[in-house]
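The values are calculated or read from the model by the stated rules, or taken from the named source; none is laboratory data. Just so it is clear, the model here is predicted, and its values are computed rather than measured. Here the Cβ is made from the backbone with ideal geometry for all residues, glycine too, and neighbour counts use every protein chain on show. Note: areas computed on protein heavy atoms with side chains; ligands, DNA, RNA excluded. Shrake-Rupley method; radii C 1.70, N 1.55, O 1.52, S 1.80 Å.
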Protein chains: 2
Amino acid sequence: MIKISILYPNNPGSRFDLRYYVETHMPMSIELLGAHPGFKGVSVEQGLGGLIPGSEAAYVAMCHFLFDTLEDFIAAFTPHAALLQGDIPNYTDIEPVIQFNEVLISR
Amino acid sequence: MIKISILYPNNPGSRFDLRYYVETHMPMSIELLGAHPGFKGVSVEQGLGGLIPGSEAAYVAMCHFLFDTLEDFIAAFTPHAALLQGDIPNYTDIEPVIQFNEVLISR
């Protein structure tokens with residue numbers, strides 16, 4: 001199984017509208033990508049803090065999509081890429097860190 | 001629900017023994033932390049690559065623990081902190097990015 005992780009660095013002075021992200025952008029993303037049969041799950045999180053008490057989280061928000069294969073994700077995402085990427089400025093000016101992962105353990 | 005994310009940056013020249021991590025360190029961690037009633041799940045991943053084809057993943061590996069509350073995680077982890085943290089040099093010289101998250105969407 002493949003996990004696509006989208007991490008929004010907690011840059012000083014940056015803008016991130018968590019409410020729009022959680023109530024508008026992610027539901028739209030999940031509706032569009034979740035329609036593909038290779039879609040296996042999704043998780044969206046808000047960073048609360050770092051390891052040292054009182055420290056800030058490295059990432060203000062994270063999103064993880066699970067798909068059977070990378071090809072499934074690409075097939076699901078490509079038809080909606082322009083719409084979904086075009087919506088990003090509506091909630092943030094942060095350039096996310098995006099990476100593809102192979103899931104080795106999942107419980 | 002709370003997610004504790006442990007991210008190992010893909011630093012040039014760094015050492016990461018994925019086999020030891022997946023076959024020894026993480027099974028031990030899961031056995032110890034998973035015994036707590038607040039434990040809700042875990043995922044371990046290997047970074048495959050970044051968004052640009054052929055680019056390296058920002059993180060060589062990630063681990064995410066799910067607990068009911070942050071207090072549950074601290075209660076589960078503290079008795080085994082010395083053992084688990086002391087095992088890290090057995091698989092890597094990378095200092096992980098650790099952050100606590102609130103799970104807002106999970107499907």
(request) Treating only the Cβ atoms of Lys and Arg (+1) and Asp and Glu (-1) as charged, compute the dipole magnitude of chain A about its Cα centre; round to the nearest 20 debye. (result) 200 debye
(message) What are the ³J(HN,Hα) couplings of region A:39-52, residue after residue, when phi is run through the Karplus curve with 6.51, -1.76, 1.60 and θ = phi - 60°? Round to Hz, x for glycine and proline.
(response) 5, 10, x, 7, 9, 10, 9, 9, x, 9, x, x, 5, 6
(message) Test of the criteria: in region B:2-38, which trypsin sites (Lys or Arg not before Pro) are in a DSSP loop and have at most 16 other Cβ atoms within 10 angstrom of their Cβ?
(response) B:ARG15
(request) When you have a sec, figure out the Kirkwood radius of the protein assembly as shown from all distinct Cα pair distances and drop it here in Å to one decimal? (result) 17.8 Å
(message) At 7 angstrom along the Cα-to-beta-carbon line, where would the label on A:ILE74 sit relative to the other copies? Give the distances in nm, shortest first.
(response) 4.6
(message) Helix-only estimate, please: 222 nm mean residue ellipticity of the protein assembly as shown, summing -39500 (n - 2.57) across DSSP H runs of length 4 or more and dividing by its residues, to the nearest 500.
(response) -5500 deg cm²/dmol
(message) Please report Rg (one decimal) and Dmax (integer) in Å for the Cα set of chain B.
(response) 14.3, 43
(request) Run through the other copies and list how far each one's label point is from that of A:ASP17, in nm with one decimal, shortest first; the point sits 7 Å from Cα along Cα-Cβ. (result) 5.0
(message) List the residues, sorted by chain then number, that are 5 or more residues from B:GLY38 or on another chain and whose placed amide H is less than 5 Å from its amide H.
(response) none
(request) Name the long-range amide H neighbours of B:ASN10: under 5 Å, sequence gap of 5 or more, or other chain; modelled H, no Pro or chain starts. (result) B:TYR59, B:VAL60
(request) Compute the accessible area of each residue in region A:33-57 twice, once for its chain alone and once with every protein chain present, using a 1.4 Å probe on heavy atoms, and list those whose area falls by at least 20 Å². (result) A:VAL42, A:SER43, A:VAL44, A:GLU45, A:GLN46, A:LEU48, A:GLY49, A:GLY50, A:LEU51
(request) Find, among the GluC sites (Glu not before Pro) in region A:7-96, those assigned to loop by DSSP (not H, G, I, E, B) with at most 14 other beta-carbon atoms within 10 angstrom. (result) A:GLU56
(message) Using the Kirkwood radius over C-alpha pairs as Rh, can you work out the diffusion coefficient of region A:45-98 via Stokes-Einstein at 4 °C, viscosity 1.567 mPa s, in µm² per second?
(response) 96 µm²/s
